[in-house]
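A.B. asks: One structure coming up, written as structure tokens, with questions to follow.
The values are calculated or read from the model by the stated rules, or taken from the named source; none is laboratory data. Remember, it's a predicted structure, so these values are computed and weren't measured experimentally. Methodologically, a virtual Cβ is constructed for each residue, glycine included, from the backbone with ideal geometry; neighbour enumeration extends over all protein chains shown. These accessible areas exclude ligands, DNA and RNA; they are computed on the full protein's heavy atoms, side chains included. Shrake-Rupley method; radii C 1.70, N 1.55, O 1.52, S 1.80 Å.
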Amino acid sequence: MADKTAKLHLNGQDYDLPLLSPTKGPDVLDIRKLYGQADVFTYDPGFTSTASCDSTITFIDGDKGELWYRGYPIEQLAAKSSYLEVCYLLLYGELPSPTQMEDFRARVTRHTMVHEQMHNFFRGFRRDAHPMATMVGVVGAMSAFYHDSTDVNDEWQREVAAIRLIAKLPTIAAMAYKYSIGQPFVYPSNDLDYASNFLNMCFSVPAEKYEVNPALARAMDRIFTLHADHEQNASTSTVRLAGSSGANPFACIAAGIACLWGPAHGGANQACLEMLREIGTVDRIPEFIARAKDKSDPFKLMGFGHRVYKNFDPRATVMKESADEVLDLLGVGDNPTLQVAKELEKIALEDEYFIEKKLYPNVDFYSGIILEAMGFPTAMFTPIFALSRTVGWIAQWKEMIGDPQNKIGRPRQLYIGSDRRDYVDLKSR
Ligand code: CMC
């Protein structure tokens, strides 16, 4: 309920607009009745000032650099929790009891294999396909394999779809990778934890024994946790919009994966590492900084800036610590790409342009460095983001479907095209 209102004075009339108060964050002006009452739309390309829904899942304070999942700060979850526990928290709203955790782990674990017929589906792709392209196709195709969890009006089917997606995305991402390098698919190992199983499916081969390094598995798990949700970002809003029409959950998550792929969003981790390699040596950094500042050059420093964080990205702080640990562990701290990254970070943080525009390294700046050190090719960076974010997408989708206020998403526009005109026959033009 709104206890405050704002007044809009327009064309000689006054309109009361309710102000909704959140648990945290700025008040929200409720304009739902505005068009009906005043015959005007609001205009907000890029949704820089628009709340598209209410949500209880994730909170971000961009000025303070805070990120909470269900009220728990990301730093505490990254240090003390595990990705599967975070999945439970995001999906059900509370941290699990030991029995609930065991039950959830068992349910997810039992769904890690994909339908055997799906192997043939993978084989239809070209070997040089980007794993994100394969994932968009294969995850969308899950609705052709799992008919018993596509009815969005059945709460049980929604639950089964959520578990299937969380369980199978690592398998699908690893299969996309194995296919692209011509190695045999590795089946999931249910005796391993979630992150170790993923590493095993990516890096083991039938011909050799492979032991997952527990420290790397922990770092992998933390990467999953840090990417698990991020309120109404572009891909999550895409999932919600697709879901608002009643589309099945697999189709909605495929839409989210497609949106995430873009270099301004999840594709930035790959783009960032490619940029670091292109810079190559520390002495070339000023040239790239100058390009980033040049208005006539579309180049941006990948891994810098964020729509919401204007102080620092709390995920980047944790990721940076993790990067240092992993590089030390693997003894690759003096790798040239890393040297460029460290120097670029230092120079950009001291540069007036970046300070004035509040551009800080974001999560993608450091995640690529860790993933490269672990042995992942750049093309796998965004698929790893996608598999981590799946729980956030599905939690947000479930929240939306369960909301009695849910309506199909249908923005309006400011039409600036031609006025009405009459068709002219081809021969008369
Ligand atoms: N390098 C150079 N200049 C930048 C950068 C950058 N990375 N980011 C923003 N700016 C400038 C931009 O040109 C603009 O300048 P002006 O005010 O003079 O026009 C100003 O800073 C504000 O930027 P914006 O593009 O209006 O901000 P936005 O909120 O629309 O975009 C962003 C946010 C993340 C898309 C953008 O900062 C960007 O493209 N960064 C590089 C890509 C990247 O790292 N993306 C990952 C984001 S975090 C993970 C995720 O969400 O998936």
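A.B. asks: Would it be correct to say that PHE385 is under 17 Å from THR238 (Cβ atoms) and among the aromatic types (Phe, Trp, Tyr)?
C.D. replies: Judged against the criteria, PHE385 is a match.
A.B. asks: Please find, among PRO411, PRO404, PRO361, the residue that is out of contact with any Cys (no Cβ under 6 Å at 6 or more places or on another chain), open to solvent by 50 Å² or more (accessible area, probe 1.4 Å) and closer than 24 Å to TRP261 by Cβ.
C.D. replies: Residue meeting the stated conditions: PRO411.
A.B. asks: Every residue in segment 309-338 that is within 21 Å of GLY266 (Cβ to Cβ) and part of a helix (DSSP H, G or I), please.
C.D. replies: Selection gives PRO314, ARG315, ALA316, THR317, VAL318, MET319, LYS320, SER322, ALA323, VAL326, THR337.
A.B. asks: Further, regarding this structure: Is it the case that ARG158 is closer than 26 Å to CYS259 by Cα and either at pLDDT 95 or above or touching a Cys at 6+ places or on another chain (Cβ under 6 Å) (or both)?
C.D. replies: Taking the combined requirement at face value, the residue satisfies it.
A.B. asks: So, in segment 327-345, of the ones that are closer than 20 Å to GLU274 by Cβ and touching a residue at least 60 places away in the same chain (Cβ under 8 Å), which residue ends up surrounded by the fewest Cβ atoms within 10 Å (Cβ to Cβ)?
C.D. replies: GLU343
A.B. asks: Continuing with this model, one more query. If THR317 passes every condition in (1) closer than 22 Å to MET132 by Cβ; (2) open to solvent by 60 Å² or more (accessible area, probe 1.4 Å); (3) more than 9 Å from the ligand (Cβ to nearest atom) but one, which one does it miss?
C.D. replies: (1)
A.B. asks: Are there helices (runs of 4 or more DSSP H) fully within segment 98-202 with at least 2 residues that are touching a Ser or Thr at 6+ places or on another chain (Cβ under 7 Å)? List them. If you could, list the steps in order and put the result at the bottom.
C.D. replies: Numbers: elements: 98-109, 118-123, 131-145, 155-180.
In segment 98-202, 131-145, 155-180 are the helices (runs of 4 or more DSSP H) which contain 2 or more residues that are touching a Ser or Thr at 6+ places or on another chain (Cβ under 7 Å).
A.B. asks: Of the numbered conditions (1) outside any helix (DSSP H, G or I); (2) away from the ligand (no atom under 16 Å from the Cβ); (3) open to solvent by 40 Å² or more (accessible area, probe 1.4 Å), LYS398 satisfies every one except a single condition; which is it?
C.D. replies: Single failed check for LYS398: (1).
A.B. asks: Further question: What are the residue pairs meeting all of these: first residue in segment 246-266, first residue of a type outside the set (Gly, Ala, Ser), second residue within 13 Å of the ligand (Cβ to nearest atom) and part of a loop (DSSP other than H, G, I, E, B), Cβ atoms under 8 Å, and 6 or more apart or on different chains?
C.D. replies: Between residues of segment 246-266 that are of a type outside the set (Gly, Ala, Ser) and residues that are within 13 Å of the ligand (Cβ to nearest atom) and part of a loop (DSSP other than H, G, I, E, B), the close pairs are CYS259/HIS265; LEU260/GLY266; LEU260/GLY267; TRP261/GLY267; PRO263/MET302; HIS265/ASN233.
A.B. asks: Which of (1) open to solvent by 50 Å² or more (accessible area, probe 1.4 Å); (2) under 21 Å from PRO383 (Cα atoms); (3) not in a helix (DSSP H, G or I) is the odd one out, the single condition LYS295 does not satisfy?
C.D. replies: (2)
A.B. asks: Could you count how many residues in segment 203-241 are part of a helix (DSSP H, G or I), over 22 Å from ASP193 (Cβ atoms) and open to solvent by 30 Å² or more (accessible area, probe 1.4 Å)?
C.D. replies: 4
A.B. asks: Quick one: would you say VAL136 is over 20 Å from the mean Cα position of the chain (by Cα) and open to solvent by less than 80 Å² (accessible area, probe 1.4 Å)?
C.D. replies: Taking the combined requirement at face value, the residue does not satisfy it.
Condition check ((1) β-branched (Val, Ile, Thr); (2) part of a helix (DSSP H, G or I); (3) more than 10 Å from the ligand (Cβ to nearest atom)) across all residues:
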{"residue": "GLY246", "(1), (2), (3)": "no, no, yes"}
{"residue": "ALA264", "(1), (2), (3)": "no, no, no"}
{"residue": "LEU273", "(1), (2), (3)": "no, yes, yes"}
{"residue": "GLU287", "(1), (2), (3)": "no, yes, yes"}
{"residue": "LEU301", "(1), (2), (3)": "no, no, no"}
{"residue": "ARG307", "(1), (2), (3)": "no, no, no"}
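A.B. asks: Further question on the same structure: Sort out which residues of segment 347-363 are more than 24 Å from the chain's Cα centre (by Cα) and either outside any helix (DSSP H, G or I) or more than 16 Å from the ligand (Cβ to nearest atom) (or both), and write them in order of number.
C.D. replies: ASP351
A.B. asks: Collect the residues in segment 198-234 that are aromatic (Phe, Trp, Tyr) and away from the ligand (no atom under 16 Å from the Cβ), keeping them in residue-number order.
C.D. replies: Here is the first cut: in segment 198-234, the residues aromatic (Phe, Trp, Tyr) are 198, 203, 210, 224.
Across segment 198-234, the qualifying residues are PHE198, PHE203, TYR210.
A.B. asks: State which residue pairs qualify: first residue within 18 Å of ASN269 (Cα to Cα) and inside segment 289-301, second residue open to solvent by 30 Å² or more (accessible area, probe 1.4 Å) and part of a helix (DSSP H, G or I) in any location, beta carbons under 6 Å apart, and separation of 6 or more residues or different chains.
C.D. replies: PHE299/ARG291
A.B. asks: Being free of Cβ contacts under 8 Å to residues at least 40 places away in the same chain and open to solvent by less than 70 Å² (accessible area, probe 1.4 Å) narrows it down to one of ALA106, ALA129, so name that one.
C.D. replies: Going through ALA106, ALA129 in turn, just one is free of Cβ contacts under 8 Å to residues at least 40 places away in the same chain and open to solvent by less than 70 Å² (accessible area, probe 1.4 Å): ALA106.
A.B. asks: Take the conditions over 19 Å from the mean Cα position of the chain (by Cα) and of a type in the set (D, E, K, R) and apply them to ASP419. Does it pass?
C.D. replies: So ASP419 fits the description; yes.
A.B. asks: While we're here: I want to confirm something. Restricting to segment 373-386 and keeping residues that are part of a helix (DSSP H, G or I) and surrounded by fewer than 24 Cβ atoms within 10 Å (Cβ to Cβ), which single residue is nearest to the ligand (Cβ to nearest atom)? It would help to see each step written out before you state the result.
C.D. replies: Start the filter on segment 373-386 by keeping residues that are part of a helix (DSSP H, G or I), which leaves 373-374, 378-386.
Then drop every residue that is not surrounded by fewer than 24 Cβ atoms within 10 Å (Cβ to Cβ), which leaves 373-374, 378-379.
Working: ALA373: 20, MET374: 19, THR378: 14, ALA379: 16 Å.
Here the residue is THR378.
A.B. asks: Next question, about the same structure. Identify the single condition in (1) closer than 30 Å to PRO73 by Cα; (2) surrounded by fewer than 16 Cβ atoms within 10 Å (Cβ to Cβ) that PHE304 does not satisfy, given that it satisfies every other one.
C.D. replies: (2)
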